[in-house]
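Rule-based calculations on the coordinates, nothing more; no lab input. As the structure is a prediction and not an experimental result, all values here were calculated from the model. Cβ atoms come from the backbone with ideal geometry, glycine included; neighbour counts cover every protein chain shown.
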Amino acid sequence: MSSLKRGFRRSTIARLAECFGSLHLAHLAQSDVFWDRIVSIEPRGIQETYDLTVEGDHNFVADGLIVHNSHSTAYALLAYQCAYLKANHPAEFMAATLTSEVSDSARITTLIEECRRLGLAILPPDVNRSEWRFTIEGGAIRFGLGAVRNVGQGVVERIVAARAAGGAFRDLLDLACRLDARGLNRRVIESLVASGACDALGGERGALFAAAGTMLDHAAALKRERESGQSSLFGEASEGAVTVAPPPLPETPAWTGRERSTHEKEVLGFYFSEHPLEHIRERIESLATHRIADALALDDGTEVRIAGLVGEIKTIMTRTGRPMAIVTLEDLTARVECTVFPDTYEAARPLLTAENVVVASGRVEVREDRGTKLLLSDLRGLEEASQAFRRCLHIEVRAAELSEEQLAEIDETLSSNPGEAEVYLHVVRPDHSRMAMRSRRFRVAEDDRVIAALKQRHPTLRVRWGKGAS
């Protein structure tokens, strides 16, 4: 059958009805309901979307689909229930939501940031406490091992079962010994260590990571000794158990904070303990018009400016032989795939290196088959963007209202909020012409509290953040 075939012609159904003597098929062949295609939709006015008491057929349009009010009512109830749970039981709600997205690291990143916005503590993965799913622990959310790459559900279930049967794991060798070899290999242990799930087993992550293969070899040798009835290699037998002395961890350089974060991203899909952008959060937020998570929810064609880390870079050639790139950018809230066309790519090529911080301008592209992406028209380094996009404080005052006392009070407010943002004073003359002056005395903090303080003392002032030249 052709892959393009979507059904049967009315005449075919009629012949089948006659052949099989089927009244049901005959009714289908004669029915108008199943055969007419919608060619246009014309508005008929406004009515209550959820009014189920109105007789007749009533629909509403949602995301390009026409559905019945019963459908909208079900979604409304579900939305209400979710909103109630998030407002009244936020930890439980977010733990369940994180578990539902356990295989999507991009969604996990967004949800983790939402948890932090809600003030919910996220505890790291731990082989002695975590389960497959995200769980609640003392009001905080314990990270689920199901979100650690290379660690299958079967391995996690055996970890939980061994922990329940014999208590917490003492060290890395104890973990390797108490789990059977099915699915437990060097890659699994390295992933657990890199995620921070083995921090409670003693030793620094770099040393534990380097010891993964050694511990597995010792565990295998111990198993062979047990099966042969010997115990002298690792310890003395006592009441059916063997006390195992773990070998010393190798002497390797400790991972730096950046190395820990990099390894976490490799196995979790995002930075967990120390995001490289965290220490410049305020700075990049002042340069960007949108967080990436917010930009992903915008309509097609919306202009945005985002700041983030360069991730994966894929260079491709156009039909004319010019290079362009598909680049992943990530901030503290989410990541997005960006298209960098040839002219922009040529100008920004030195900036497109992994984990470099850039400020990118462009527009949102929404496609049903490809999701939401950004088409970039400009890329700048952090320092260049700081000069180009730094916000300045603009104070507008009418000349008729200007007095020495008012200027003194404005000076006092500005001097009590020192920072790096320039200040511009705009004086509006009686003929509506303007005179703008940049202050040489004051630079203020990029904080909305400055505006609030000025407005409190002088409600008629117009105060805003803007570009330096405006």
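Treating cross-link reach as a plain straight distance, find the lysines whose alpha-carbon is under 28 Å from the alpha-carbon of residue 373, omitting any fewer than eight places away in the same chain.
Output for residue 373: 265, 314, 467.
Counting only Cα atoms, I'd like the Rg/Rh figure for the range 127-206, Kirkwood definition for Rh. Walk me through the numbers before you get to the answer.
On the way: Rg = 11.7 Å, Rh = 12.7 Å.
Taking Rg over the Kirkwood Rh, I get 0.92.
With each label point set 7 Å from Cα along the Cα-Cβ vector, what nm distance links residue 462 and residue 157?
Each label point is offset 7 Å from its Cα along the Cβ direction, giving 6.7 nm.
Exposure proxy check: 384, 131 ranked by fewest other beta carbons within 10 Å? Could the numbers behind the result be given before it?
Working: 384 13, 131 16.
Lowest to highest Cβ neighbour count: 384, 131.
Could you tell me the largest-minus-smallest coordinate of the C-alpha atoms of the range 325-374 on each of the three principal axes, in descending order and whole angstroms?
Computed over the Cα atoms, the extents are 33, 27, 15 Å.
For the range 263-310, which GluC sites (Glu not before Pro) are in a loop by DSSP, counting at most 16 other Cβ atoms within 10 Å?
Values: sites: 264, 266, 274, 278, 282, 285, 303; in loops: 274.
Loop-located and lightly packed - 274.
Which trypsin sites (Lys or Arg not before Pro) does the range 333-413 hold that lie in a coil by DSSP with at most 10 other beta carbons within 10 Å?
Within the range 333-413, the qualifying trypsin sites (Lys or Arg not before Pro) (loop, at most 10 other Cβ atoms within 10 Å) are 370.
Would you mind pulling out the separation of the Cα centroids of the range 158-231 and the range 403-466, in Å?
Rounded to whole Å, the Cα centres lie 63 Å apart.
If I take R0 = 56 Å and measure r between the Cβ atoms of residue 274 and residue 228 in this structure, what FRET efficiency does the formula 1/(1 + (r/R0)^6) give, to the nearest 0.05?
According to the calculation, E is roughly 0.75.
Taking neighbour counts of Cβ atoms within 10 Å as a proxy for exposure, in what order, fewest first, do 255, 465 appear? Mind showing how you got there, number by number?
Details: 255 18, 465 15.
Taking fewest neighbouring Cβ atoms as first place, the list is 465, 255.
Helix-derived [θ] at 222 nm for the chain: sum -39500 (n - 2.57) over DSSP H runs of at least 4, divide by residue count, nearest 500? Numbers along the way, then the final one.
Details: 17 runs with 177 residues, N = 470.
My calculation for the chain gives -11000 deg cm²/dmol from helical runs alone.
Of the GluC sites (Glu not before Pro) in the range 313-378, which ones lie in a loop per DSSP and count no more than 16 other C-beta atoms within 10 Å? Let's see the in-between values first.
Working: sites: 330, 337, 346, 355, 365, 368; in loops: 355, 368.
Answer in residue order: 355, 368.
Order of 262, 12, 135 from fewest to most other C-beta atoms within 10 Å? Don't skip to the end; give the middle numbers.
On the way: 262 16, 12 12, 135 19.
Fewest-to-most ranking of 262, 12, 135: 12, 262, 135.
Before anything else, pin down the relative contact order of the range 338-470: Cα pairs under 8 Å, at least 6 apart, normalised by residue count, whole percent. Spell out each step's value before the answer.
Details: 199 pairs, mean separation 30.7, N = 133.
Normalised by residue count, the contact order of the range 338-470 is 23 percent.
On a full-extension model of 0.36 nm per residue, what is the gain between residue 92 and residue 386, subtracting their alpha-carbon distance, rounded to one decimal in nm? Mind dumping the intermediate values first?
Values: separation 294, 0.36 × 294 = 105.84 nm, distance 4.01 nm.
Gain on stretching residue 92 to residue 386: 101.8 nm.
What are the radius of gyration and Dmax of the range 280-385, computed over its Cα atoms and given in Å?
Gyration radius and largest Cα-Cα distance of the range 280-385: 12.9, 42 Å.
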